[in-house]
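Structure first, commentary second.
Just so it is clear, none of the values below were taken in a lab; they were calculated from the coordinates. Predicted, not measured: the structure shown is a model, and the values here were computed from it. Glycine also receives a Cβ, built like all others from the backbone with ideal geometry; neighbour counts cover every protein chain displayed.
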Amino acid sequence: MYTLLLDSSNKLLVVGLAKDNKVIDSIIYEAWQKQSEYMINEINNIFTRNNIDPKEVNEIIVTKGPGSYTGLRIALTIAKIYGYILNIPVYVLSSLEILIDSKDKDTNTICLMNARSSRSYIGIYSSNKEVLLEDKVLTNEEVKTLIKNNPTYKVSGDISYLNLDLDNTNYYDLSNLDLLNNMLYLKDESNKVENILTLKAIYLKD
């Protein structure tokens, strides 16, 4: 079974291909505000170099937000089109939740993205898929206070904008995260889209 994994919610362009729930290829690089130019080509590239016909894809996992208004729509639109045409399941995940450390089953993670204007997207998750704080927007100062009040929690994601001590072993930036395996780990029936035509992004700032 082949799984196509997509994320364009943040500064990274993320395209992955998994076979039988194991990642076999990936294309991940920074493409802030340029995902629309590159994502279709990179999907075609990953199919070509693995000798996969798009019709062989059995399911898609994609992030639904929060994140960049334009970026979110790119991966979601592609997932909707593939899902509809191929009549295959599409699973949607929080763009924040995929920032957890799924390898450590005994930790809670404060997951962050830059929401601009001195604000952050934030969600707190345990590695056993429990939601401790639903995704929301907080000021950066509120986020820093929350981090200070939870010193045992990991802090993960696009965190450089907060000027945190990146040498802290509890802090993980995007380069340290296994996004694709996190997506595979988090997928379950509760994430499955019942009606592909109703799939929408979650912006939080609307």
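General remarks:
- Annotation for region 89-183: trypsin sites (Lys or Arg not before Pro) lying in DSSP loop with at most 11 further Cβ atoms inside 10 Å of their Cβ are K103, K105.
- Selection from T139, Y171, N149 lying farthest towards where the dipole of region 100-176 points positive, charges on Cβ: T139
- For the chain, a simple Cβ point-charge model (Lys and Arg +1, Asp and Glu -1, everything else neutral) yields a dipole of about 400 debye relative to the Cα centre.
- Loop-located GluC sites (Glu not before Pro) in region 99-206 (DSSP state other than H, G, I, E, B) with a sparse environment of at most 10 neighbouring Cβ atoms within 10 Å: E130, E194.
- Cα-Cα over 30 Å, subset of K55/K103; K148/K192; K11/K129: K55/K103; K148/K192
- Note: relative contact order over region 100-176, using C-alpha pairs below 8 Å and six or more positions apart, is 27 percent.
- Cα shape, region 63-104, gyration tensor, a/c 1.5 rule: oblate
- Within a straight-line Cα-Cα reach of under 12 Å, K19 can be paired with the following aspartates and glutamates, leaving aside sequence neighbours fewer than 8 residues apart in one chain: E56, E59.
- Relative to the longest principal axis of the Cα atoms of the chain, helix 35-49 runs at roughly 50 degrees.
- Each of I81, P54, M39 was scored by the projection of its Cα onto the charge dipole of the chain, and the greatest displacement toward the positive side belongs to I81; charges sit on the C-beta of Lys, Arg, Asp and Glu.
- Rounded to 5, the percent of DSSP beta bridges in the chain classed as antiparallel: 65 percent
- Cα-based convex hull volume of region 11-109 per residue, rounded to whole Å³: 109 Å³
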